[in-house]
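Engineer: What follows is a structure written as C-alpha coordinates; I'll ask about it next.
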Amino acid sequence: PEETVTSSFASFISAARPEHLSQTVRQRSKRMILDSLGVGLVGSTTRVFDIALSYCRELYSSVAVSSVYGKPGVKLSPTLAAFTNGVATHSMDFDDTWHPATHPSGAVLPALLAASQMLPPNTKPNGLDFLLAFNVGLEVQGRLMHFSTEAHDIPKRFHPPSVVGTLGSAAATAKLLSLSLAQCCHALGIAASLAGAPMANAATQAKPLHVGNATRLGLEAALLAARGMEANPLILDDIPGCSGFSAFYSVYQPKPLPAPGQQHEFLLEKQDIAFKRFPAHLGMHWVVDAALSVRNLFINYAGSFSPSLIRTIVLKIPVSKYINRPFPSSEHQARHSFQFNACAALLDGEVGLGSFSESSIQRQELRELLDKVVVEHPEDNVANFDKMYGEVALLLHTGDVLTGKCDTFYGHWRKPLSKESLLKKFRSNASHVLPEEKIEAIITLVDNLENLSDSSQL
(Lines give C-alpha, C1' and ligand atoms only; values in the text may rest on other atoms or scores of the structure.)
Protein backbone atom coordinates (compact mmCIF):
# COMPACT_ATOMS: atom_id res chain seq x y z
CA PRO A 1 0.00 0.00 0.00
CA GLU A 2 1.07 3.61 -0.60
CA GLU A 3 2.73 5.17 2.41
CA THR A 4 0.76 7.85 4.20
CA VAL A 5 1.74 10.32 6.92
CA THR A 6 -0.12 8.21 9.46
CA SER A 7 1.47 4.97 8.34
CA SER A 8 4.91 6.59 8.44
CA PHE A 9 4.34 7.50 12.08
CA ALA A 10 3.17 3.97 12.84
CA SER A 11 6.22 2.57 11.04
CA PHE A 12 8.50 4.82 13.04
CA ILE A 13 6.98 3.73 16.34
CA SER A 14 7.27 0.08 15.38
CA ALA A 15 10.79 0.26 13.95
CA ALA A 16 12.52 2.43 16.55
CA ARG A 17 15.36 0.64 18.35
CA PRO A 18 17.56 1.61 21.31
CA GLU A 19 20.59 1.98 19.06
CA HIS A 20 18.80 4.84 17.28
CA LEU A 21 19.13 6.99 20.41
CA SER A 22 22.30 9.08 20.39
CA GLN A 23 24.18 9.78 23.60
CA THR A 24 22.86 13.36 23.52
CA VAL A 25 19.26 12.19 23.24
CA ARG A 26 19.74 9.67 26.04
CA GLN A 27 21.25 12.21 28.41
CA ARG A 28 18.72 14.94 27.66
CA SER A 29 15.78 12.59 28.04
CA LYS A 30 17.11 11.21 31.34
CA ARG A 31 17.34 14.80 32.63
CA MET A 32 13.70 15.20 31.62
CA ILE A 33 12.67 11.99 33.40
CA LEU A 34 14.44 12.99 36.62
CA ASP A 35 12.98 16.50 36.59
CA SER A 36 9.48 15.21 35.85
CA LEU A 37 9.68 12.73 38.72
CA GLY A 38 10.67 15.51 41.12
CA VAL A 39 7.95 17.81 39.87
CA GLY A 40 5.41 14.99 40.23
CA LEU A 41 6.56 14.24 43.76
CA VAL A 42 6.24 17.83 44.98
CA GLY A 43 2.99 18.05 43.01
CA SER A 44 1.59 15.23 45.12
CA THR A 45 1.42 17.72 48.01
CA THR A 46 -1.10 19.99 46.26
CA ARG A 47 -4.84 20.41 46.71
CA VAL A 48 -5.66 19.58 43.09
CA PHE A 49 -3.72 16.31 43.37
CA ASP A 50 -5.66 15.39 46.53
CA ILE A 51 -8.93 15.98 44.68
CA ALA A 52 -7.84 13.81 41.74
CA LEU A 53 -6.57 11.01 43.99
CA SER A 54 -9.71 11.03 46.13
CA TYR A 55 -11.83 10.86 42.98
CA CYS A 56 -9.93 7.85 41.69
CA ARG A 57 -9.87 5.99 45.00
CA GLU A 58 -13.53 6.53 45.91
CA LEU A 59 -15.31 6.24 42.58
CA TYR A 60 -13.40 3.46 40.87
CA SER A 61 -12.58 -0.08 41.89
CA SER A 62 -10.30 -2.25 39.79
CA VAL A 63 -7.09 -4.23 39.94
CA ALA A 64 -4.69 -1.83 41.64
CA VAL A 65 -1.14 -2.48 40.42
CA SER A 66 0.35 0.93 39.61
CA SER A 67 1.96 3.34 42.08
CA VAL A 68 1.01 6.92 42.88
CA TYR A 69 3.52 9.75 43.32
CA GLY A 70 4.25 10.60 46.94
CA LYS A 71 1.86 8.00 48.40
CA PRO A 72 3.73 4.87 49.54
CA GLY A 73 1.47 1.84 49.58
CA VAL A 74 -1.26 3.46 47.47
CA LYS A 75 -1.90 1.78 44.12
CA LEU A 76 -4.52 2.30 41.43
CA SER A 77 -5.45 0.76 38.13
CA PRO A 78 -2.84 1.65 35.46
CA THR A 79 -4.97 4.26 33.70
CA LEU A 80 -6.01 5.98 36.91
CA ALA A 81 -2.44 5.95 38.25
CA ALA A 82 -1.32 7.57 35.00
CA PHE A 83 -4.08 10.18 35.34
CA THR A 84 -3.30 10.96 38.97
CA ASN A 85 0.45 11.21 38.39
CA GLY A 86 -0.12 13.37 35.32
CA VAL A 87 -2.20 15.75 37.43
CA ALA A 88 0.61 15.86 40.01
CA THR A 89 3.17 16.68 37.35
CA HIS A 90 1.29 19.74 36.10
CA SER A 91 -0.34 20.75 39.39
CA MET A 92 2.12 23.63 39.91
CA ASP A 93 2.96 24.31 36.25
CA PHE A 94 6.49 23.23 37.23
CA ASP A 95 7.05 20.68 34.44
CA ASP A 96 9.31 20.96 31.40
CA THR A 97 8.38 22.86 28.23
CA TRP A 98 9.43 22.41 24.61
CA HIS A 99 9.18 24.47 21.44
CA PRO A 100 6.73 24.57 19.75
CA ALA A 101 4.97 24.99 23.07
CA THR A 102 3.93 21.89 24.97
CA HIS A 103 4.75 19.99 28.19
CA PRO A 104 6.17 16.73 26.80
CA SER A 105 7.33 14.66 29.79
CA GLY A 106 4.20 14.82 31.94
CA ALA A 107 2.07 13.47 29.11
CA VAL A 108 4.29 10.42 28.58
CA LEU A 109 6.19 9.41 31.71
CA PRO A 110 3.21 8.55 33.99
CA ALA A 111 1.73 6.30 31.28
CA LEU A 112 4.99 4.39 30.89
CA LEU A 113 5.45 4.02 34.65
CA ALA A 114 1.91 2.65 35.02
CA ALA A 115 2.23 0.33 32.04
CA SER A 116 5.55 -1.04 33.30
CA GLN A 117 3.92 -2.12 36.54
CA MET A 118 0.90 -3.52 34.70
CA LEU A 119 2.81 -6.06 32.61
CA PRO A 120 3.40 -9.63 33.88
CA PRO A 121 6.80 -10.31 35.52
CA ASN A 122 8.25 -12.23 32.58
CA THR A 123 7.38 -9.45 30.10
CA LYS A 124 8.62 -6.39 31.99
CA PRO A 125 10.47 -3.96 29.69
CA ASN A 126 14.03 -3.14 30.68
CA GLY A 127 15.33 0.35 31.25
CA LEU A 128 16.58 0.78 27.70
CA ASP A 129 13.16 -0.23 26.34
CA PHE A 130 11.61 2.32 28.70
CA LEU A 131 13.98 5.07 27.57
CA LEU A 132 13.25 4.28 23.93
CA ALA A 133 9.49 4.38 24.46
CA PHE A 134 9.83 7.70 26.28
CA ASN A 135 11.74 9.18 23.35
CA VAL A 136 9.24 7.82 20.83
CA GLY A 137 6.54 9.67 22.78
CA LEU A 138 8.58 12.87 22.70
CA GLU A 139 9.34 12.56 19.00
CA VAL A 140 5.70 12.08 18.00
CA GLN A 141 4.69 15.17 20.00
CA GLY A 142 7.44 17.29 18.50
CA ARG A 143 6.77 16.22 14.91
CA LEU A 144 3.04 16.90 15.25
CA MET A 145 3.75 20.38 16.62
CA HIS A 146 5.95 21.15 13.61
CA PHE A 147 3.08 20.46 11.19
CA SER A 148 1.51 23.87 11.88
CA THR A 149 2.99 27.36 12.07
CA GLU A 150 0.16 28.16 14.49
CA ALA A 151 1.74 25.82 17.04
CA HIS A 152 4.92 27.93 17.27
CA ASP A 153 3.19 30.74 19.17
CA ILE A 154 1.84 30.77 22.72
CA PRO A 155 -1.51 28.95 22.35
CA LYS A 156 -4.87 30.70 22.25
CA ARG A 157 -7.49 28.00 21.55
CA PHE A 158 -6.45 24.70 23.12
CA HIS A 159 -3.77 23.52 25.52
CA PRO A 160 -1.18 21.64 23.39
CA PRO A 161 -0.36 18.79 25.81
CA SER A 162 -4.01 17.81 25.81
CA VAL A 163 -3.70 17.22 22.06
CA VAL A 164 -0.15 16.24 21.05
CA GLY A 165 0.48 14.84 24.54
CA THR A 166 -2.37 12.37 24.17
CA LEU A 167 -0.93 11.05 20.90
CA GLY A 168 2.56 11.05 22.40
CA SER A 169 1.35 8.95 25.31
CA ALA A 170 -0.37 6.56 22.91
CA ALA A 171 2.79 6.25 20.79
CA ALA A 172 5.06 5.71 23.81
CA THR A 173 2.77 3.09 25.33
CA ALA A 174 2.33 1.35 21.97
CA LYS A 175 6.11 1.09 21.74
CA LEU A 176 6.49 -0.20 25.28
CA LEU A 177 3.79 -2.83 24.67
CA SER A 178 5.37 -3.84 21.32
CA LEU A 179 2.16 -3.31 19.36
CA SER A 180 2.11 -4.21 15.68
CA LEU A 181 2.40 -1.56 13.00
CA ALA A 182 -1.37 -1.65 12.39
CA GLN A 183 -2.08 -1.41 16.12
CA CYS A 184 0.28 1.58 16.43
CA CYS A 185 -1.65 3.28 13.65
CA HIS A 186 -4.98 2.59 15.36
CA ALA A 187 -3.63 3.76 18.72
CA LEU A 188 -2.87 7.17 17.19
CA GLY A 189 -6.32 7.30 15.64
CA ILE A 190 -8.08 6.40 18.87
CA ALA A 191 -5.97 8.94 20.80
CA ALA A 192 -6.99 11.70 18.38
CA SER A 193 -10.63 11.10 19.34
CA LEU A 194 -9.75 11.48 23.02
CA ALA A 195 -7.71 14.69 22.70
CA GLY A 196 -8.30 18.35 23.41
CA ALA A 197 -8.88 20.91 26.18
CA PRO A 198 -9.68 24.64 25.89
CA MET A 199 -7.29 27.37 27.02
CA ALA A 200 -10.07 29.02 29.02
CA ASN A 201 -9.28 26.58 31.84
CA ALA A 202 -5.72 27.86 32.14
CA ALA A 203 -4.99 29.36 35.57
CA THR A 204 -7.60 27.10 37.22
CA GLN A 205 -7.47 23.77 39.02
CA ALA A 206 -8.77 22.17 35.83
CA LYS A 207 -5.58 22.86 33.88
CA PRO A 208 -3.58 20.01 35.51
CA LEU A 209 -6.33 17.67 34.30
CA HIS A 210 -5.15 18.40 30.75
CA VAL A 211 -1.87 16.59 31.36
CA GLY A 212 -3.50 13.94 33.55
CA ASN A 213 -5.98 13.15 30.81
CA ALA A 214 -3.35 13.22 28.08
CA THR A 215 -1.21 10.55 29.70
CA ARG A 216 -4.21 8.46 30.83
CA LEU A 217 -6.13 8.61 27.55
CA GLY A 218 -3.04 7.91 25.46
CA LEU A 219 -2.46 4.81 27.57
CA GLU A 220 -6.09 3.81 27.11
CA ALA A 221 -5.82 4.34 23.34
CA ALA A 222 -2.87 1.94 23.16
CA LEU A 223 -4.62 -0.63 25.35
CA LEU A 224 -7.75 -0.44 23.20
CA ALA A 225 -5.69 -0.85 20.02
CA ALA A 226 -3.96 -3.85 21.57
CA ARG A 227 -7.39 -5.41 22.08
CA GLY A 228 -8.41 -4.94 18.47
CA MET A 229 -10.12 -1.56 18.37
CA GLU A 230 -9.64 0.22 15.06
CA ALA A 231 -9.61 3.86 13.99
CA ASN A 232 -9.10 5.88 10.82
CA PRO A 233 -5.74 4.81 9.34
CA LEU A 234 -5.31 8.29 7.82
CA ILE A 235 -5.83 10.23 11.04
CA LEU A 236 -2.65 12.32 10.66
CA ASP A 237 -3.02 12.94 6.94
CA ASP A 238 -4.54 16.10 5.48
CA ILE A 239 -7.68 14.82 3.77
CA PRO A 240 -9.76 17.62 2.17
CA GLY A 241 -13.30 17.73 3.49
CA CYS A 242 -12.66 15.27 6.34
CA SER A 243 -10.58 16.56 9.22
CA GLY A 244 -8.41 14.19 11.21
CA PHE A 245 -5.69 15.66 13.39
CA SER A 246 -6.00 18.78 11.23
CA ALA A 247 -9.18 19.60 13.18
CA PHE A 248 -6.95 21.15 15.85
CA TYR A 249 -5.08 23.52 13.51
CA SER A 250 -6.24 26.09 10.96
CA VAL A 251 -2.96 25.60 9.08
CA TYR A 252 -1.84 21.96 8.87
CA GLN A 253 0.88 20.61 6.59
CA PRO A 254 1.86 17.08 7.67
CA LYS A 255 4.94 15.29 6.44
CA PRO A 256 5.90 11.60 6.66
CA LEU A 257 8.12 10.73 9.59
CA PRO A 258 11.42 9.23 8.35
CA ALA A 259 12.28 5.75 9.51
CA PRO A 260 14.63 5.64 12.50
CA GLY A 261 18.27 5.20 11.65
CA GLN A 262 20.76 7.07 9.51
CA GLN A 263 18.10 9.18 7.74
CA HIS A 264 16.41 10.27 10.97
CA GLU A 265 17.54 12.62 13.70
CA PHE A 266 15.46 12.88 16.86
CA LEU A 267 14.18 16.40 17.53
CA LEU A 268 15.62 16.22 21.04
CA GLU A 269 19.04 15.93 19.38
CA LYS A 270 18.54 19.30 17.70
CA GLN A 271 16.80 21.19 20.50
CA ASP A 272 17.09 20.80 24.25
CA ILE A 273 14.22 21.22 26.69
CA ALA A 274 13.35 24.11 29.02
CA PHE A 275 13.38 23.30 32.74
CA LYS A 276 11.67 25.72 35.12
CA ARG A 277 13.44 27.10 38.17
CA PHE A 278 10.17 28.03 39.88
CA PRO A 279 6.59 26.73 39.54
CA ALA A 280 4.87 29.06 37.07
CA HIS A 281 3.98 29.41 33.39
CA LEU A 282 7.09 29.46 31.21
CA GLY A 283 6.51 33.06 30.10
CA MET A 284 6.94 34.19 33.70
CA HIS A 285 10.60 33.19 33.67
CA TRP A 286 11.53 36.02 31.32
CA VAL A 287 9.89 38.75 33.42
CA VAL A 288 11.25 37.34 36.69
CA ASP A 289 14.84 37.38 35.42
CA ALA A 290 14.29 40.89 34.05
CA ALA A 291 12.80 41.99 37.39
CA LEU A 292 15.70 40.53 39.36
CA SER A 293 18.13 42.34 37.07
CA VAL A 294 16.47 45.74 37.56
CA ARG A 295 16.11 45.06 41.29
CA ASN A 296 19.90 44.79 41.56
CA LEU A 297 20.24 48.08 39.69
CA PHE A 298 17.74 49.68 42.08
CA ILE A 299 19.64 48.47 45.16
CA ASN A 300 22.90 49.86 43.76
CA TYR A 301 21.06 53.12 43.07
CA ALA A 302 19.19 53.54 46.36
CA GLY A 303 21.09 51.28 48.78
CA SER A 304 18.07 49.04 49.38
CA PHE A 305 14.81 48.08 47.69
CA SER A 306 12.37 50.85 48.62
CA PRO A 307 9.00 50.54 46.82
CA SER A 308 8.03 54.05 47.89
CA LEU A 309 10.63 55.47 45.48
CA ILE A 310 8.92 53.78 42.51
CA ARG A 311 6.23 55.74 40.63
CA THR A 312 5.49 53.25 37.83
CA ILE A 313 6.52 49.72 36.87
CA VAL A 314 6.43 49.19 33.10
CA LEU A 315 6.29 45.62 31.81
CA LYS A 316 7.08 45.08 28.14
CA ILE A 317 5.64 41.67 27.33
CA PRO A 318 4.08 39.85 24.37
CA VAL A 319 0.33 39.81 23.81
CA SER A 320 -1.14 36.72 25.44
CA LYS A 321 -4.46 37.24 27.17
CA TYR A 322 -4.47 34.30 29.57
CA ILE A 323 -1.15 35.25 31.19
CA ASN A 324 -1.88 38.98 31.40
CA ARG A 325 -3.55 39.08 34.83
CA PRO A 326 -3.23 42.40 36.72
CA PHE A 327 -4.59 41.24 40.12
CA PRO A 328 -4.55 37.43 40.53
CA SER A 329 -6.59 36.10 43.44
CA SER A 330 -5.54 32.42 43.51
CA GLU A 331 -2.32 30.43 43.26
CA HIS A 332 -3.19 29.21 39.77
CA GLN A 333 -3.95 32.73 38.55
CA ALA A 334 -0.70 33.95 40.13
CA ARG A 335 1.28 31.30 38.27
CA HIS A 336 -0.17 32.77 35.05
CA SER A 337 0.34 36.46 35.77
CA PHE A 338 3.19 38.51 34.30
CA GLN A 339 2.35 41.28 36.76
CA PHE A 340 2.38 39.10 39.87
CA ASN A 341 5.64 37.33 39.06
CA ALA A 342 7.46 40.57 38.22
CA CYS A 343 6.30 42.22 41.44
CA ALA A 344 7.03 39.16 43.60
CA ALA A 345 10.58 39.06 42.21
CA LEU A 346 11.03 42.79 42.84
CA LEU A 347 9.72 42.58 46.39
CA ASP A 348 11.39 39.36 47.53
CA GLY A 349 14.45 39.03 45.29
CA GLU A 350 13.29 35.54 44.25
CA VAL A 351 10.28 33.49 43.17
CA GLY A 352 9.78 30.00 44.62
CA LEU A 353 7.23 27.54 45.96
CA GLY A 354 6.21 29.87 48.77
CA SER A 355 5.56 32.78 46.41
CA PHE A 356 2.20 31.30 45.41
CA SER A 357 0.75 30.72 48.87
CA GLU A 358 -2.44 32.60 49.75
CA SER A 359 -0.65 34.69 52.36
CA SER A 360 2.02 35.70 49.86
CA ILE A 361 -0.50 36.59 47.16
CA GLN A 362 -2.61 38.73 49.52
CA ARG A 363 0.27 40.79 50.97
CA GLN A 364 -0.51 44.52 51.10
CA GLU A 365 2.98 45.53 49.91
CA LEU A 366 2.62 43.25 46.89
CA ARG A 367 -0.80 44.70 46.07
CA GLU A 368 0.66 48.20 46.26
CA LEU A 369 3.33 47.22 43.71
CA LEU A 370 0.70 45.68 41.42
CA ASP A 371 -1.17 49.01 41.48
CA LYS A 372 1.89 50.64 39.90
CA VAL A 373 2.19 48.25 36.96
CA VAL A 374 1.60 49.41 33.39
CA VAL A 375 1.76 46.87 30.55
CA GLU A 376 3.11 47.57 27.08
CA HIS A 377 3.22 45.24 24.07
CA PRO A 378 6.11 46.18 21.74
CA GLU A 379 5.60 44.95 18.18
CA ASP A 380 8.92 43.11 18.21
CA ASN A 381 7.98 41.12 21.34
CA VAL A 382 6.08 38.20 19.85
CA ALA A 383 4.16 35.54 21.78
CA ASN A 384 6.63 32.79 20.98
CA PHE A 385 8.82 30.97 23.50
CA ASP A 386 11.76 31.01 21.09
CA LYS A 387 11.61 34.74 20.27
CA MET A 388 9.96 36.63 23.14
CA TYR A 389 11.66 38.73 25.77
CA GLY A 390 10.75 40.28 29.09
CA GLU A 391 11.54 43.85 30.09
CA VAL A 392 10.87 45.58 33.41
CA ALA A 393 11.39 49.32 33.77
CA LEU A 394 11.15 51.22 37.07
CA LEU A 395 10.13 54.86 36.67
CA LEU A 396 11.21 56.61 39.86
CA HIS A 397 9.75 59.72 41.48
CA THR A 398 13.12 61.40 40.87
CA GLY A 399 12.59 61.08 37.12
CA ASP A 400 15.25 58.39 36.73
CA VAL A 401 14.46 55.17 34.87
CA LEU A 402 16.04 51.79 35.62
CA THR A 403 15.56 48.93 33.17
CA GLY A 404 16.16 45.17 33.23
CA LYS A 405 15.70 42.93 30.20
CA CYS A 406 15.85 39.17 29.64
CA ASP A 407 16.10 37.57 26.20
CA THR A 408 16.93 34.04 27.43
CA PHE A 409 16.32 32.97 31.03
CA TYR A 410 18.44 30.39 32.84
CA GLY A 411 16.74 27.05 32.16
CA HIS A 412 15.68 27.86 28.58
CA TRP A 413 16.82 25.41 25.87
CA ARG A 414 19.32 28.05 24.72
CA LYS A 415 20.66 28.35 28.27
CA PRO A 416 20.12 24.92 29.88
CA LEU A 417 20.26 24.21 33.57
CA SER A 418 23.55 22.73 34.68
CA LYS A 419 23.62 19.22 36.08
CA GLU A 420 24.10 20.72 39.53
CA SER A 421 21.07 23.01 39.17
CA LEU A 422 18.85 20.19 37.89
CA LEU A 423 19.87 17.90 40.75
CA LYS A 424 19.28 20.71 43.25
CA LYS A 425 15.77 21.20 41.88
CA PHE A 426 15.01 17.47 41.97
CA ARG A 427 16.32 17.03 45.51
CA SER A 428 14.34 20.04 46.72
CA ASN A 429 11.10 18.83 45.10
CA ALA A 430 11.45 15.19 46.12
CA SER A 431 12.37 16.09 49.71
CA HIS A 432 8.77 17.15 50.33
CA VAL A 433 7.68 13.51 50.29
CA LEU A 434 10.75 11.23 50.29
CA PRO A 435 13.68 10.61 52.65
CA GLU A 436 17.19 11.41 51.46
CA GLU A 437 18.22 7.80 50.79
CA LYS A 438 15.28 7.24 48.43
CA ILE A 439 15.96 10.53 46.65
CA GLU A 440 19.54 9.52 45.98
CA ALA A 441 18.42 6.05 44.88
CA ILE A 442 16.14 7.57 42.24
CA ILE A 443 18.95 9.78 40.95
CA THR A 444 21.20 6.73 40.59
CA LEU A 445 18.40 4.69 38.99
CA VAL A 446 17.65 7.30 36.32
CA ASP A 447 21.32 7.96 35.66
CA ASN A 448 21.80 4.24 34.96
CA LEU A 449 18.45 3.65 33.30
CA GLU A 450 19.93 1.84 30.29
CA ASN A 451 21.27 -0.87 32.61
CA LEU A 452 18.03 -1.46 34.53
CA SER A 453 16.75 -4.99 33.96
CA ASP A 454 13.16 -4.20 35.02
CA SER A 455 11.84 -0.67 34.36
CA SER A 456 8.97 -1.16 36.81
CA GLN A 457 11.57 -0.65 39.57
CA LEU A 458 11.50 3.04 38.63
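Engineer: Output the helices (runs of 4 or more DSSP H) that fall wholly within the range 1-116 and possess 1 or more residues being surrounded by fewer than 24 Cβ atoms within 10 Å (Cβ to Cβ) and under 16 Å from the mean Cα position of the chain (by Cα), or say none.
Structural biologist: Because the criterion is at least 1 residues that are surrounded by fewer than 24 Cβ atoms within 10 Å (Cβ to Cβ) and under 16 Å from the mean Cα position of the chain (by Cα), the helices (runs of 4 or more DSSP H) in the range 1-116 that meet it are 23-43.
Engineer: Can you tell me how many residues in the range 31-87 are in contact with a Phe, Trp or Tyr (Cβ under 9 Å, 6 or more places away or on another chain) and of a type in the set (Lys, Arg)?
Structural biologist: 1
Engineer: Here is a check on your reading of the model: is Ala214 closer than 17 Å to Thr166 by Cα, surrounded by fewer than 22 Cβ atoms within 10 Å (Cβ to Cβ) and either assigned by the TED database to the domain that holds Asp93 or not small (Gly, Ala, Ser) (or both)?
Structural biologist: In short, no.
Engineer: How many of the residues making up the range 441-457 are out of contact with any Gly (no Cβ under 6 Å at 6 or more places or on another chain), in contact (Cβ under 8 Å) with a residue 40 or more places away in the chain and part of a helix (DSSP H, G or I)?
Structural biologist: 6
Engineer: Could I ask something else about it? Can you find a residue in the range 405-421 that is on the phi < 0 side of the Ramachandran plot, part of a helix (DSSP H, G or I) and either touching a helix residue (DSSP H, G or I) at 6+ places or on another chain (Cβ under 6 Å) or not acidic (Asp, Glu) (or both)?
Structural biologist: yes
Engineer: Oh, and also: Tally the residues that are among the small types (Gly, Ala, Ser) and open to solvent by 10 Å² or more (accessible area, probe 1.4 Å), restricting the search to the range 175-193.
Structural biologist: Final tally of qualifying residues: 5.
Engineer: Keeping to the range 394-444, report how many residues are more than 23 Å from Asp95 (Cβ to Cβ) and either surrounded by fewer than 14 Cβ atoms within 10 Å (Cβ to Cβ) or of a type in the set (Val, Ile, Thr) (or both).
Structural biologist: Result for the range 394-444: 9.
Engineer: Which one of these does Pro328 not meet: (1) modelled with pLDDT under 95; (2) under 23 Å from the mean Cα position of the chain (by Cα)?
Structural biologist: (1)
Residue-wise test of (1) under 27 Å from Met199 (Cα atoms); (2) basic (Lys, Arg); (3) outside any loop (DSSP other than H, G, I, E, B).
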{"position": "Val211", "(1), (2), (3)": "yes, no, yes"}
{"position": "Ala225", "(1), (2), (3)": "no, no, yes"}
{"position": "Met229", "(1), (2), (3)": "no, no, no"}
{"position": "Leu257", "(1), (2), (3)": "no, no, no"}
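Engineer: Could you say which residue among Asp454, Asp447 is over 13 Å from Gly38 (Cβ atoms) and open to solvent by less than 60 Å² (accessible area, probe 1.4 Å)?
Structural biologist: Numbers: Asp447 fails: open to solvent by less than 60 Å² (accessible area, probe 1.4 Å).
Step by step, each of Asp454, Asp447 is checked, and only Asp454 is over 13 Å from Gly38 (Cβ atoms) and open to solvent by less than 60 Å² (accessible area, probe 1.4 Å).
Engineer: Now, a different point. Taking the criterion of being assigned to a strand (DSSP E or B) and among the basic types (Lys, Arg), would at least one residue in the range 373-389 satisfy it?
Structural biologist: Looking through the range 373-389, none of the residues is assigned to a strand (DSSP E or B) and among the basic types (Lys, Arg).
Engineer: Given the conditions (1) of a type in the set (Lys, Arg); (2) touching a residue at least 24 places away in the same chain (Cβ under 8 Å); (3) touching a strand residue (DSSP E or B) at 6+ places or on another chain (Cβ under 8 Å), report the number of the one that Arg57 does not fulfil.
Structural biologist: With (1) of a type in the set (Lys, Arg); (2) touching a residue at least 24 places away in the same chain (Cβ under 8 Å); (3) touching a strand residue (DSSP E or B) at 6+ places or on another chain (Cβ under 8 Å) applied to Arg57, the lone miss is (2).
Engineer: If I filter the range 275-284 for residues that are within 24 Å of the chain's Cα centre (by Cα), closer than 16 Å to Phe9 by Cβ and either of a type in the set (A, V, I, L, M, F, W, C) or assigned by the TED database to the domain that holds Ala191 (or both), do I get at least one hit?
Structural biologist: no
Engineer: So which residues in the range 258-276 are surrounded by 13 or more Cβ atoms within 10 Å (Cβ to Cβ) and among the polar types (S, T, N, Q)?
Structural biologist: Selection gives Gln271 alone.
Engineer: Here is a further query. Give the residue, chosen from Val287, Val351, Val319, that is within 24 Å of the chain's Cα centre (by Cα), under 23 Å from His412 (Cβ atoms), surrounded by fewer than 22 Cβ atoms within 10 Å (Cβ to Cβ) and hydrophobic (A, V, I, L, M, F, W, C).
Structural biologist: That would be Val319, the only listed residue that is within 24 Å of the chain's Cα centre (by Cα), under 23 Å from His412 (Cβ atoms), surrounded by fewer than 22 Cβ atoms within 10 Å (Cβ to Cβ) and hydrophobic (A, V, I, L, M, F, W, C).
Engineer: If you don't mind, another one. Of the residues Ala182, Ala195, which single one is in contact with a Gly (Cβ under 9 Å, 6 or more places away or on another chain) and either over 22 Å from Asn232 (Cβ atoms) or of a type outside the set (S, T, N, Q) (or both)?
Structural biologist: Checking each option against the conditions leaves just Ala195.
The values are calculated or read from the model by the stated rules, or taken from the named source; none is laboratory data. Worth saying up front: this structure is predicted, and the values here are computed from it rather than measured. Every residue, glycine among them, receives a Cβ derived from its backbone with ideal geometry; neighbour counts consider all protein chains shown. Just the protein is used for accessible areas: all its heavy atoms, side chains included, with ligands, DNA and RNA removed. Shrake-Rupley method; radii C 1.70, N 1.55, O 1.52, S 1.80 Å.
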